[in-house]
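Scroll down for the structure; my scribbles are underneath it.
The values are calculated or read from the model by the stated rules, or taken from the named source; none is laboratory data. None of the values given here were measured: they were computed from a predicted structure. Note that each Cβ is placed from the backbone with ideal geometry, even for glycine, and that neighbours are counted across all protein chains shown. Note: accessible area is taken over every heavy atom of the protein model, side chains too, but ligands, DNA and RNA are not part of it. Shrake-Rupley method; radii C 1.70, N 1.55, O 1.52, S 1.80 Å.
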Amino acid sequence: MQKVYISLCLMVSIFVFIACDPKGQPDTSAEGKLRVITTIGMVTDIVKNVGGERVEVTGLMGPGVDPHLYKASAGDVQRLTSAQLIFYNGLHLEAKMGDILAKMSGDTKTVAVTDVVDRSLLLRPPEFEGQYDPHLWFDVPLWMEAVGRVRDTLSEVDSDNTLMYYTNAERYLARLAELHEYVKAQAERVPSEQRVLVTAHDAFNYFGKAYGFEVRGLQGISTATEAGIADVQELATFIAERRIPAIFVESSVSTRSLEAVKAAVKSKGFDVEIGGELFSDAMGNEGTPEGTYIGMVRHNIDTIVTALIGRTSASSMVEN
């Protein structure tokens with residue numbers, strides 16, 4: 001009788017161990033969803049589209065937040081600790097969170113969505129201390145690789161729902177393919193010699209390479225590097241000499257530096273307009289078109305094209 005009791009206790013213990021084994025199917029939230037933490041909004045958008053109703057996503061960096069300068073709060077650390085999955089951009093975009101994400105990887109599955117992208121396709125500006133440019137979401141086909149990374153990770157962690165993740169990913173990828181064609185068509189409306197994009201910081205180089213724009217940023221790849229008087233004057237000279245009709249502020253970067261550029265250009269005898277606000281390192285407010293990746297990219301290309309064509313057409317009419 002005692003042996004039977006011991007055997008039963010052993011069986012119960014094994015059952016409890018298996019049920020609680022973190023290497024098996026993951027524990028979920030009270031609603032039966034995977035608890036996922038993301039950093040930037042563009043990654044959050046992927047997880048929402050691929051994970052669907054199976055995920056409960058919390059994005060740490062909302063509208064107007066600069067990931068280059070972002071520091072995790074005590075509340076963020078608590079959220080990260082309670083997550084089952086953490087997705088981030090990588091490539092040193094979340095620079096000040098790097099140590100925290102590295103520590104989390106030992107206890108929680110932590111995934112950089114850019115890890116799967118062929119390094120030969122990434123830009124490596126010499127002024128960025130030998131690192132890759134992390135802003136690859138502005139090349140839509142490159143960002144589609146990140147979708148695959150999220151899909152595969154969710155399928156690995158929650159294999160019972162693999163079919164759903166793959167179905168959702170295919171649907172989202174089809175929409176991104178349409179977005180890519182839209183951006184190309186819009187870009188081609190601008191005469192090639194007028195495709196010059198001047199912004200607050202150097203976040204649009206992938207966009208420029210993919211869609212045929214020459215790109216200039218006042219600050220470098222990271223906003224942690226401040227622009228000086230010499231940088232302002234150099235960019236102002238470039239704008240005045242090339243007669244660039246419009247420059248663009250960014251939602252996550254102070255407008256002060258570009259206002260200084262505008263004033264410097266005017267002192268050189270040319271008037272450049274602020275062509276509008278672009279979303280670079282952060283998306284728009286939740287619930288708005290710009291609060292999604294697709295809406296953000298469409299807003300950017302529409303704003304750029306409208307500003308450059310508008311001024312170009314006006315100049316042509318004056319000259320004629």
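Can you give me the relative contact order of the chain as a percent, contacts being Cα pairs under 8 Å and 6 or more apart?
For the chain, the relative contact order is 16 percent.
If the cut-off is 14 Å between C-alpha atoms, which aspartates and glutamates fall inside it for Lys109, apart from same-chain ones fewer than 8 positions away?
Those aspartates and glutamates meeting the cut-off are Asp27, Asp152, Glu156, Asp158.
Quick check: at a probe of 1.4 Å, how many percent of the accessible area of the chain sits on carbon and sulfur atoms?
53 percent
Using a ≥ b ≥ c from the Cα gyration tensor of region 144-238 (square roots of the eigenvalues), is it rounded, prolate or oblate, where a/c under 1.5 gives rounded and otherwise the larger of a/b and b/c decides, a/b for prolate?
oblate
Taking the chain as the reference, fit the longest principal axis to its C-alpha atoms, fit the long axis of helix 229-242 to the helix C-alpha atoms, and give the angle between the two in degrees, 0 to 90, nearest 10.
60 degrees
Quick check for you: with a 1.4 Å probe and neighbouring chains kept, what is the accessible area per residue of the chain, in Å²?
Dividing the accessible area of the chain by its residue count gives 50 Å².
What does the C-alpha gyration tensor say about the overall shape of region 268-310? Classify as rounded when a/c is under 1.5, otherwise prolate if a/b is larger than b/c, or oblate.
It is prolate, given that a/c is not under 1.5 and a/b is the larger ratio.
How large is the helix-only mean residue ellipticity at 222 nm for the chain, computed as the sum of -39500 (n - 2.57) over DSSP H runs with n ≥ 4, divided by its residue count, in deg cm²/dmol to the nearest 500?
So the helix-based figure for the chain works out to -15500 deg cm²/dmol.
Beyond 30 Å between alpha-carbons counts as too far, so tell me which of Lys209/Lys262; Lys103/Lys209; Lys71/Lys268 fall in that bin.
Flagged as over cut-off: Lys103/Lys209; Lys71/Lys268.
Which of Glu94, Glu129, Glu56 ends up with the largest GNM mean-square fluctuation for the chain, with Cα atoms connected below 10 Å?
Maximum fluctuation in the GNM of the chain, among the listed residues, is at Glu129.
Please go through region 97-193 and write out the chymotrypsin sites (Phe, Trp or Tyr not before Pro) that DSSP classes as loop and that have at most 16 other C-beta atoms within 10 Å.
Here no chymotrypsin sites (Phe, Trp or Tyr not before Pro) fit, given the DSSP loop and packing criteria.
Highest GNM mean-square fluctuation, the chain, Cα pairs closer than 10 Å: which of Asp302, Asp118, Asp66?
Residue with maximal mean-square fluctuation among Asp302, Asp118, Asp66: Asp118.
Of the labelled options (i) 137; (ii) 127; (iii) 148, which one gives volume of the Cα convex hull per residue in Å³ as computed for this structure?
It is the one labelled (iii).
Nearest 0.05, what FRET efficiency do Ser82 and Thr167 give at R0 = 35 Å with Cβ-Cβ as r?
Taking R0 as 35 Å, the efficiency between Ser82 and Thr167 is 0.80.
On full extension of the chain, what length is gained from Glu234 through Ala177, given 0.36 nm per residue of separation minus the C-alpha to C-alpha distance?
Contour length minus Cα-Cα distance gives 16.8 nm.
Identify all aspartates and glutamates with a Cα-Cα distance to Lys266 below 18 Å; exclude those on the same chain that are fewer than 8 residues away in sequence.
Reachable aspartates and glutamates: Asp231, Glu234, Glu241.
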